[in-house]
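The values are calculated or read from the model by the stated rules, or taken from the named source; none is laboratory data. Remember, it's a predicted structure, so these values are computed and weren't measured experimentally. All Cβ positions, glycine included, derive from the backbone under ideal geometry; neighbour counts span all protein chains shown.
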Amino acid sequence: MYKVLRVLSTLIVIVVLAVACTPQAAPTTAPADTSPTTAPAQPAAPTTAAPAAESPTEAPAEAPAAAKVISGQMGANDPRSIDPQRAVDTRDWGLVNQFFPSMAIQSLKTGELEPAMAKDWKVSDDGLTFTFHMLEQVPWVRYNADTGAVEEVKDDSGATRYVTAKDFVFGFMRALNPETGSPAAYMLAPYIKGATEYNAGTGKAEDVAIRAVDDYTFEVIAPEKVGFTLAIYSIINAKATPEWDITANADAWTEPENINSYGPYAMKGWEHEATMTLVKNPFWPGNTGIPQAKIDEVNLKFIDEVVGLRDFEAGTLDWTLVPGDQIARIESDPNLSPLLKVVPGVCIQAWNFNTTKPPFDNVHIRRAFNYAVDRQSLVDNVLVGGQTAAVFYTPPGVPGAPSGTDAAKQVQLFNADKAKEELALGLADLGLTSVDQLPKVTVEFGNAAELNAVAQTLQAMWLETLGVQVDLAQIDNTVYWSKQEEDGGQIHRGGWCPDYNDPNNYLRDVYRSDSIYNYGKWNNPEFDKAIDEARVETDPAKRLALYTQAETLLSVTDSATMVLYYTGRPQVTKPTLQRSYSPAGTEYFWEWDLTE
Amino acid sequence: MNSPTPAANITQLTDAEQALLHPKSRSMTQDALLRLSRNRAAVLGGIVVIINILMALLAPTLAPRKFDQVSFTNTNSAPEWVTKVFPGMKPRDAGGYVKVNNDYLLGADKLGRDLFSRILYGSRISISVAIVGPVISILIGFLVGLVAGYKGGWVDNILMRLVDIMYAFPTMLLIILFMAFFRAGVGGDNPGPLVAFLTKLDANMGGLLFIFVGIGLTAWMGAARLVRGQVLVARELEYVNAARMIGAKPGRIILRHILPNVIGPLIITETMAIPSYISYEAFLSFIGLGVNPPTPSWGGMIAEGALLIQNYPNQAIFPALALFLLIFSFNFLGDGLRDALDPTLRGSE
Amino acid sequence: MGKFILRRVMWMFLVLFVVSLVTFLLMHAVPGGPFTAEKRLPAATLKQLEAKYNLDAPLHIQYLTYVRDIMVPTITSGKKSSALDHKYLINIPLNDAQNRVIRWMDFGPSFRNINRTVSDIFRDNLPVSMRLGAAALVVTLTIGLPLGVISGLKRNTPIDYAAMAVAVMGVSVPVIIMGPVLQYALGVQAKILPVSGWGDFKHLILPAFALGIADSALVARLTRASLLEVLSKDYIRTARAKGLAERVVVLRHALRNSLIPIITVIGPMIAYILTGTFVVETIFGIPGMGRFFVTSVSGRDYPVIMGTVLLFAIFLVLANTLVDIVYIWLDPRITYE
């Protein structure tokens, strides 16, 4: 009997030990660096250096008076990756920007590109060759948990590693290398000569037109002249990445004990699924686009906004997103309402018709369904979360988008009379006498609460205006998308969050007849022609006209999709925190400051 | 296990009861019912369950509105009394945020649908999950346990190892996998005839079929173990041996001797499991894989309302209260039934 | 005794084999893969990713590779490698000249958390769930057992009804209501406990209570039922007849014997509670294992699905073995020879 107990307890101890046996998370794993240098004299002292202040909720109270520490809510789940070339989610891209600035960055105030890692840049007269002159002697840094300070990374000979053009070449090539599987490669590749072939596995690395002219001059050649090429060269995977680090640590290079970075913030800690702590990088020299950080430490909590708001109200968070349906309560609360800000988002929520499936192969039926949806009521009464009723697919915040112009204002998508008219026309086309004879319509969507509310609203509106009863099918998200890839549902949830800020990304990348995202299989050569021309058009007025034409075709004339609303980002922030607001949620922490 | 001693406590009964009872001729069912009727908690539980079932059946007549009747002007509105019960819900007139509308008894949800009507209709899903869940698991479990216990030997060995292995799957993960797997057929172009039939049936049941199947497939093992254990015990009992020797058929032995012994423990474990069946359904709704919208279920309403508990507590609390009452009643009814069916207590006070 | 252990170990391997194979087949049968997403990947990228993770191999090869990577230990030498440390669950450095390390159990990478491995998840997130689970178990037992004993002893009295009402209340208020209410009352309003987060003891209180209370109802009802059954047994009557004090009868004889069915239930309960709970961990922002049981399936994160299922199976078999041993202690008549 006791023997059994002994053997068993040994077994259990082994298992527990195995579980608890952490990898050697010591600073020694960093690549062959020796003598850590402490920060040079900088405006602010290097961080709190208080390893005891582990708990993010307590940090504000216990940190030394000089240090500025903030905590906030940053998405419900752990970041999927903060590797610039492999990051997937928009939220994660915002974190990547803290560690690895691009050559340029879009200003939140003006929407213009401002220099970040580049001092300046030159575009050749033919608009194809881009030459970036980089900031010099920006060191690669890492956080040293032993000294509690950010330090420069040294190479094997003990010299400081500086961010050079070679690091950018490595980063760009890594993004394009098919073996990396970079999800954003499809955006970068078409705008670099030779890159599409290399990324598809048919071309050679040498033929990709990227090179380091010297240590601090980086050159890229585009295959054609397009208005937004410079923005593409600043997208998420177009960053410098540390080759030595990735070689040594493979997939684990972004762990806090391994990561080398150069941006305004360095990574102090990352407790997976719970928190990430950013610490100011005193070595980042600052630039127009990304100045030096003012806040010493940023604690990010990975909780959903429902819990985030509760934490905020308990006083433990400095900012959080807010669930849409809490806005009414917050607005009526005298303490909370001044802290609320609803930032217009960059995503469009639109539900597509499959234009090859009856009855939606008939344009009148599509228009009838489209005209029957009262967007304003959906936004004001049901969603109540800071969304805006949409007219065109591209949100108004996107430079060069026709939304918000006079042409857009004339478009009236909800019109019950017109809906009935179109329904009658459609039925006549199909030789039917009543809506009951229409083929059964099933609306498909993934498992998210917001989609559920939208689908039920649409269902009710169609029943009310058209007398058509549709079925709803809420499906596991992954099953949903794999089904759409195979064959889009009669009516299925579409929509788009941008990869870069241009109408081209919303329209051509999604609805061109050969786009892989065109699940509704809509095909209109006129639309294709308009967006193809607009892509390379440099005259803003002509471009706007082309996009107006394309948008009208998409959502009105052909009714290939029902644009519903633009997302909003309602959030509350403590009054002591001075901050900027990013429409995409990729916050610019280096612009934030804490006042008393 | 004691053999039944029907006359043991007969002297404790009142004269009136004595007169009513004819212990010798009383059947097992009558006996059980009588004892059940004396358990006040169980009777109350039974009444609530019956009311719930009636509610589910009569929902279309009782409900002031249809469960999917939306009203976009009345979204999230609440009657005055509700705003008084929940002090946080300040009406708009008083500088708050709640739209007051006394047309709705308990308030309206985010699509302006009547909460009261949805709770009435929602009882259909919850009651059927609470009843079908146990029934499926008892059916499968009874069959497996009976075969294993009766046959013994390698059959028993294999079946019981199967039970052990089924236990080793994390239930939630398995149910989600099943649900994703089953539901994948929706709207597909060329499903097989069986898949097409099941998918259609599921759609007609508002997505309930696959929830039943998911629960059934993951919840029968307890019952199987219990039944097998009781069969093994019963097999060794003298009166069962005697019955077998005088040529009683297996069916009769099962019905007369084994069933009475296992039914008590089965009922108590299954009534204990009812909350978990309902919570499976609520959980599936929580992650968006529950019954198809707009069909209401209490679990789904609670899951949706829980997100609003700070500003519109009525949307979660009322369905939670309904669920609470139902589970409460099922538990007391279950306890009463167990006591009533317990052969060792048969005929006793 | 040795035979018993050997049988159990062999049994565990059989369970793990069947469970892993069934899960493997089932998850591959569900449509959509780990790289299916709202933003679909171009075909070429997808192909590269599938090749990188060996997903283009035939299913049986994938399964065998998976099993091999877990089972077969390797010895690596040379420079310290953080990547390998993360990849394998067990890394034992030999501290010799070549820097050799024995490495064992590679559960594969996570597709969803791109830079992490399943071993990382076990290492970082499982201990959190185990701590929370242990605390919840304490709550379960300290509430459930006394409640059950009291109502069992005071059968059919108001005390019994009250105790059972409390117990049933615990089980019939869903955690998705209980959690937010606790957070709101004690976190937002009273500000005595943190709303969410993990680290200190005070972070543990609310989630452990929310998690433990539901199971305590089950324990209470089982204890009551089982105590009632035992109290009607002959040897208890004998003990009473001998004139032993009621307290002694209950504590020494009845309670001990009535524990057996409770232990049977607690076995699987331990496995469930220690490997984490999705809802509680989500509501309280706790970095535990529980979420992986749900997110891995919805994200088709194959290695994580397999990892969590295997983990659960191991916990369950171990817990049941433990239960069997406790049986021997509770009832000396039971042997496993």
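Within the bounds of region A:377-384, is there any residue that is assigned to a loop (DSSP other than H, G, I, E, B) and within 13 Å of chain B (Cβ to nearest Cβ)? So that I can check it myself, show each step before the final result.
Step one: list which residues in region A:377-384 are assigned to a loop (DSSP other than H, G, I, E, B), which gives A:384.
Narrowing further to those that are within 13 Å of chain B (Cβ to nearest Cβ): A:384.
Yes.
Among B:201, B:226, which is buried (at least 16 other Cβ atoms within 10 Å of the Cβ) and in contact with a helix residue (DSSP H, G or I) (Cβ under 7 Å, 6 or more places away or on another chain)?
Details: B:201 fails: buried (at least 16 other Cβ atoms within 10 Å of the Cβ).
B:226 is the lone residue from the list that is buried (at least 16 other Cβ atoms within 10 Å of the Cβ) and in contact with a helix residue (DSSP H, G or I) (Cβ under 7 Å, 6 or more places away or on another chain).
Quick test for you: out of C:90, C:70, pick the one residue that is touching a strand residue (DSSP E or B) at 6+ places or on another chain (Cβ under 6 Å) and more than 8 Å from every other protein chain (Cβ to nearest Cβ). Write out each step before concluding.
Working: C:90 fails: more than 8 Å from every other protein chain (Cβ to nearest Cβ).
That would be C:70, the only listed residue that is touching a strand residue (DSSP E or B) at 6+ places or on another chain (Cβ under 6 Å) and more than 8 Å from every other protein chain (Cβ to nearest Cβ).
Considering (1) farther than 17 Å from residue C:89 by Cα; (2) surrounded by 23 or more Cβ atoms within 10 Å (Cβ to Cβ); (3) aliphatic (A, V, I, L, M); (4) facing another protein chain (nearest Cβ under 9 Å), say which one residue C:305 fails and leave the rest.
Here residue C:305 meets the rest and fails (1).
Among the residues of region A:155-179, count how many are surrounded by fewer than 23 Cβ atoms within 10 Å (Cβ to Cβ) and touching a strand residue (DSSP E or B) at 6+ places or on another chain (Cβ under 6 Å).
5
As an exercise: evaluate residue C:111 against (1) in contact with a strand residue (DSSP E or B) (Cβ under 9 Å, 6 or more places away or on another chain); (2) within 14 Å of chain A (Cβ to nearest Cβ) and give the number of the one condition it does not meet.
Failed condition: (1).
How about region C:145-263: which helices (runs of 4 or more DSSP H) wholly inside it have at least 3 residues that are within 14 Å of chain B (Cβ to nearest Cβ) and of a type in the set (S, T, N, Q)? Reasoning before the result, please.
Values: elements: C:158-172, C:175-182, C:201-231, C:234-241.
The qualifying helices (runs of 4 or more DSSP H) are C:201-231.
Filter region A:211-235 down to the residues that are of a type in the set (Val, Ile, Thr) and either farther than 17 Å from residue A:165 by Cβ or part of a helix (DSSP H, G or I) (or both) and list them by number.
Residues of region A:211-235 of a type in the set (Val, Ile, Thr): A:213, A:217, A:220-221, A:226, A:229, A:232, A:235.
Those that are of a type in the set (Val, Ile, Thr) and either farther than 17 Å from residue A:165 by Cβ or part of a helix (DSSP H, G or I) (or both): A:226, A:229, A:232, A:235.
Out of all the residues in region C:37-52, which are part of a loop (DSSP other than H, G, I, E, B) and of a type in the set (Gly, Ala, Ser)? Let's see the steps before the verdict.
Keep residues of region C:37-52 that are part of a loop (DSSP other than H, G, I, E, B), which gives C:37-42.
Correct list: C:37 only.
Are any of the residues in region A:328-347 away from chain B (no Cβ under 13 Å), more than 30 Å from residue C:198 (Cα to Cα) and in a loop (DSSP other than H, G, I, E, B)?
no
Looking at (1) closer than 26 Å to residue A:281 by Cα; (2) surrounded by 18 or more Cβ atoms within 10 Å (Cβ to Cβ); (3) not aliphatic (A, V, I, L, M), which is the only condition residue A:243 fails?
Going through (1) closer than 26 Å to residue A:281 by Cα; (2) surrounded by 18 or more Cβ atoms within 10 Å (Cβ to Cβ); (3) not aliphatic (A, V, I, L, M) one by one, residue A:243 breaks only (2).
If you take the residues of region C:49-68 that are hydrophobic (A, V, I, L, M, F, W, C) and touching a residue at least 12 places away in the same chain (Cβ under 8 Å), which of them is surrounded by the fewest Cβ atoms within 10 Å (Cβ to Cβ)?
Of the residues in region C:49-68, the ones hydrophobic (A, V, I, L, M, F, W, C) are C:49, C:51, C:55, C:57, C:59, C:61, C:64, C:67.
Checking which are touching a residue at least 12 places away in the same chain (Cβ under 8 Å) leaves us with C:49, C:55, C:59, C:67.
Values: C:49: 22, C:55: 18, C:59: 11, C:67: 16.
Ranking the qualifying residues of region C:49-68, first place goes to C:59.
Would region A:196-210 turn up any residue that is assigned to a strand (DSSP E or B), out of contact with any His (no Cβ under 6 Å at 6 or more places or on another chain) and over 30 Å from residue C:84 (Cα atoms)? Don't jump to the end; show me each part of the working.
Residues of region A:196-210 assigned to a strand (DSSP E or B): A:210.
Remaining after also requiring out of contact with any His (no Cβ under 6 Å at 6 or more places or on another chain): A:210.
Adding the requirement that they be over 30 Å from residue C:84 (Cα atoms) leaves A:210.
Yes: one or more hits.
Tally up the residues in region A:439-456 that are outside any loop (DSSP other than H, G, I, E, B) and within 21 Å of residue A:384 (Cβ to Cβ), please.
The initial filter retains those residues of region A:439-456 that are outside any loop (DSSP other than H, G, I, E, B), namely A:442-446, A:449-456.
Filter once more, keeping what is within 21 Å of residue A:384 (Cβ to Cβ): A:445, A:449-456.
Qualifying residue count, region A:439-456: 9.
Within region C:281-289, is there a residue that is in contact (Cβ under 8 Å) with a residue 40 or more places away in the chain, acidic (Asp, Glu) and assigned to a helix (DSSP H, G or I)? So that I can check it myself, show each step before the final result.
We begin by selecting, within region C:281-289, every residue in contact (Cβ under 8 Å) with a residue 40 or more places away in the chain; these are C:281, C:283-289.
Applying the additional criterion that residues be acidic (Asp, Glu) yields C:281.
If we keep only those that are assigned to a helix (DSSP H, G or I) too, we end up with C:281.
Looking for residues that are in contact (Cβ under 8 Å) with a residue 40 or more places away in the chain, acidic (Asp, Glu) and assigned to a helix (DSSP H, G or I), one finds at least one in region C:281-289, hence yes.
Can you find even one residue in region A:368-379 that is at positive phi and either out of contact with any Ser or Thr (no Cβ under 6 Å at 6 or more places or on another chain) or among the aromatic types (Phe, Trp, Tyr) (or both)? Can you show your working first?
Just the residues of region A:368-379 that are at positive phi, to begin with: none.
No.
Name the one entry in C:249, C:265 that is within 15 Å of the chain's Cα centre (by Cα) and more than 29 Å from residue C:119 (Cβ to Cβ).
Values: C:249 fails: within 15 Å of the chain's Cα centre (by Cα).
One residue alone meets the criteria, C:265.
Failed condition for residue C:299, given (1) facing chain A (nearest Cβ under 9 Å); (2) buried (at least 23 other Cβ atoms within 10 Å of the Cβ); (3) under 15 Å from the mean Cα position of the chain (by Cα), with all others met?
Just one mismatch for residue C:299, condition (3).
Of the numbered conditions (1) within 28 Å of residue A:342 (Cβ to Cβ); (2) touching a Gly at 6+ places or on another chain (Cβ under 8 Å); (3) not in a loop (DSSP other than H, G, I, E, B), residue A:572 satisfies every one except a single condition; which is it?
(2)
Can you name the condition, by its number, that residue A:280 falls short on among (1) more than 8 Å from chain C (Cβ to nearest Cβ); (2) surrounded by 22 or more Cβ atoms within 10 Å (Cβ to Cβ); (3) in contact with a helix residue (DSSP H, G or I) (Cβ under 6 Å, 6 or more places away or on another chain)?
Failed condition: (3).
Return a yes/no flag: does region B:268-277 have any residue that is charged (D, E, K, R), under 30 Å from residue B:206 (Cα atoms) and crowded, with 21+ Cβ neighbours inside 10 Å.
Within region B:268-277, the first condition is being charged (D, E, K, R), and the residues that meet it are B:270.
Filter again for under 30 Å from residue B:206 (Cα atoms), leaving B:270.
Filter once more, so that each one left must be crowded, with 21+ Cβ neighbours inside 10 Å: B:270.
Checked region B:268-277: at least one residue is charged (D, E, K, R), under 30 Å from residue B:206 (Cα atoms) and crowded, with 21+ Cβ neighbours inside 10 Å.
Filter region C:30-48 for residues that are free of Cβ contacts under 8 Å to residues at least 12 places away in the same chain and either of a type outside the set (Val, Ile, Thr) or more than 7 Å from chain A (Cβ to nearest Cβ) (or both) and give the result.
From region C:30-48, those free of Cβ contacts under 8 Å to residues at least 12 places away in the same chain are C:31, C:37-48; that's our starting set.
If the condition is that a residue be free of Cβ contacts under 8 Å to residues at least 12 places away in the same chain and either of a type outside the set (Val, Ile, Thr) or more than 7 Å from chain A (Cβ to nearest Cβ) (or both), then C:31, C:37, C:38, C:39, C:40, C:41, C:42, C:43, C:44, C:46, C:47, C:48 are the ones that fit.
Would you pick out the residues in region B:91-119 that are modelled with pLDDT of 90 or more, assigned to a loop (DSSP other than H, G, I, E, B) and of a type in the set (Lys, Arg)?
B:99, B:113
Which strands (runs of 3 or more DSSP E) sit wholly inside region A:113-192 and have at least 2 residues that are away from every other protein chain (no Cβ under 14 Å) and either farther than 25 Å from residue A:257 by Cβ or free of Cβ contacts under 8 Å to residues at least 60 places away in the same chain (or both)?
Values: elements: A:113-115, A:118-123, A:129-134, A:141-144, A:149-152.
In region A:113-192, the matching strands (runs of 3 or more DSSP E) lie at A:113-115, A:118-123, A:129-134.
Among what's in region B:126-183 and is within 14 Å of another protein chain (Cβ to nearest Cβ), more than 24 Å from the chain's Cα centre (by Cα) and β-branched (Val, Ile, Thr), pick the residue that is nearest to residue B:57 (Cα to Cα).
The residue in question is B:165.
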